[in-house]
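Taken together, the values in this text are just the output of simple stated rules run on the coordinates, not laboratory data. Worth saying up front: this structure is predicted, and the values here are computed from it rather than measured. Cβ atoms come from the backbone with ideal geometry, glycine included; neighbour counts cover every protein chain shown.
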Amino acid sequence: MQERFHKIDARVISHLRRLEVPMARTAIFIVYFWFGALKLIGASPAGPLVLALFDKTIGFMPFTLFYTLFAIYEMTIGILFLITGLERVAIFFLCLHLVTTAMPLLLLSDITWQGLLVPTLEGQYIIKNILIAALAVVIGARVAPKSSTFTS
């Protein structure tokens, strides 16, 4: 009985290992492309938060231009995660995005926190990015290392 359980367990784990990277890529694509598209069409519930952060940090361009570029940037991140070979670029862009999108936790505490360690809905929206970072780590850990073209 125990041997049968171990065989089933091994098959399940093997199947999960085949699915982990494709599912991680797809999940990041869905979130980034969808949320970026919502911004692009002016339907994102994150719009007021982005505007508040923009007002506090960026003043060198009109908000509508920034918001459009930000939406396209998010959609691009999503697309890059679907393309094998562009994982490093996708993860780099993702890291930049995660740093900037975490800024409201510090700069807009009146919007993102309702009390000590009690985030508002906006704060929760930002904190969930920890999951996206974890998925990116899984993808990055499965990328084949680049071989060095230099010889010593």
For a footprinting-style exposure proxy, rank 89, 31 by other Cβ within 10 Å, fewest first.
-> 89, 31
What percent does the relative contact order of the chain come to when contacts are Cα pairs within less than 8 Å and at least six residues apart?
-> 27
Specify the angular offset, from 0 to 90 degrees and rounded to the nearest 10, of the alpha carbon long axis of helix 87-102 from the longest principal axis of the alpha carbons in the chain.
-> 40
Enter the angle in degrees (range 0 to 90, nearest 10) between the Cα long axis of helix 47-57 and the first principal axis of the Cα atoms of the chain, meaning the one along which they spread out most.
-> 70
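In the range 1-101, which chymotrypsin sites (Phe, Trp or Tyr not before Pro) fall in coil by DSSP and have 14 or fewer other Cβ atoms within 10 Å? Each step should come with its number before you reach the end.
Details: sites: 5, 29, 32, 33, 34, 35, 54, 60, 63, 66, 67, 70, 73, 81, 92, 93; in loops: 60.
Filter output for the range 1-101: 60.
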Rounded tilt (10° steps) of 63-82 against the dominant C-alpha axis of the chain | 0
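Is it possible to state the helix-based mean residue ellipticity at 222 nm for the chain, with each DSSP H run of 4+ residues giving -39500 (n - 2.57), the sum divided by total residues, to the nearest 500 deg cm²/dmol? What is it?
Working: 8 runs with 114 residues, N = 152.
That comes out to -24500 deg cm²/dmol.
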Of (i) 10, 32, 28, 17, 9, 3, 0; (ii) 12, 45, 37, 6, 0; (iii) 10, 35, 30, 15, 8, 1, 0, which one was derived for P(r) over Cα pairs in 10 Å bins from 0, in percent from the structure shown?
-> (i)
Measure off 7 Å from each Cα along the Cα-to-Cβ vector at residue 107 and residue 60, then give the distance between these two points in nanometres to one decimal.
-> 1.3
